Amino acid sequence: MPDVTRFGVLLTVVPAVFVIVGLGVVVSGLRAILTARRFLTVAQQVTGTVSDHRYRVRRGGSDSHDHVVTVPVLRFTTRTGQRVEAEQAIALRRGAPDRGAEVGVLYDPVDPARAAVVGTTNGITADAVFRILFGAFFVLVASNVLHPWIFRLFF
């Protein structure tokens, strides 16, 4: 029977857990992109107005500064006649339109509270891309501990 030391087990288990966590982070980033893309494929477009702005504090990443994000509150009537007031559901690519501005609104017919201003999102957010890249790096480094030949493929 082979002599298994605690260090040997630790050297196998910890990187394996890191690989699993990294894959989970990658999957969460891909899922965010797919969910947003799915929204864009089923969304219906109507005209609405920006009735208000809400502000969210987004915790800083690498620069460790908090950022205030302006989220537009959209007021519109669905194609079926339902009046809706909802915050933008999909992350903004650029700044929010001014209060009172008339805008095109995309909404999910199944859940009209999921709405977005036309042209403010393409489904891919920096957060999702960062999760995919960070998770992939995590998996690559952790799997290199398990199988050192992996880095030799790239370098």
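The residues on offer are Arg99, Arg93, Arg152, and the sole one that is among the basic types (Lys, Arg) and modelled with pLDDT of 90 or more is Arg99.
Would a scan of segment 18-40 turn up a residue that is among the aromatic types (Phe, Trp, Tyr), closer than 26 Å to Leu133 by Cα and open to solvent by 50 Å² or more (accessible area, probe 1.4 Å)? Don't jump to the end; show me each part of the working.
Step one: of segment 18-40, the residues among the aromatic types (Phe, Trp, Tyr) are 18, 39.
If we keep only those that are closer than 26 Å to Leu133 by Cα too, we end up with 18, 39.
From the residues that got through so far, the ones that are open to solvent by 50 Å² or more (accessible area, probe 1.4 Å) too are 18.
Yes.
Is at least one residue of segment 102-111 within 22 Å of the chain's Cα centre (by Cα), of a type in the set (D, E, K, R), modelled with pLDDT under 80 and outside any strand (DSSP E or B)? Among the residues of segment 102-111, not one is within 22 Å of the chain's Cα centre (by Cα), of a type in the set (D, E, K, R), modelled with pLDDT under 80 and outside any strand (DSSP E or B), which makes the answer no. If you go through segment 60-90 and keep only what is open to solvent by less than 20 Å² (accessible area, probe 1.4 Å), of a type in the set (S, T, N, Q) and at pLDDT 90 or above, you end up with just Thr78.
When segment 1-59 is filtered for residues that are at pLDDT 90 or above and part of a loop (DSSP other than H, G, I, E, B), only Ala43 remains. For segment 131-145, state whether one or more residues are surrounded by 13 or more Cβ atoms within 10 Å (Cβ to Cβ), within 23 Å of the chain's Cα centre (by Cα) and in a loop (DSSP other than H, G, I, E, B). Looking through segment 131-145, none of the residues is surrounded by 13 or more Cβ atoms within 10 Å (Cβ to Cβ), within 23 Å of the chain's Cα centre (by Cα) and in a loop (DSSP other than H, G, I, E, B).
The values are calculated or read from the model by the stated rules, or taken from the named source; none is laboratory data. A quick note: this is a predicted structure, and the numbers were derived from the prediction, not measured. Cβ: placed from backbone, ideal geometry, glycine included. Neighbour counts: every protein chain shown. Remember, those area values only see protein heavy atoms, side chains included, never the ligands or the DNA or RNA. Shrake-Rupley method; radii C 1.70, N 1.55, O 1.52, S 1.80 Å.
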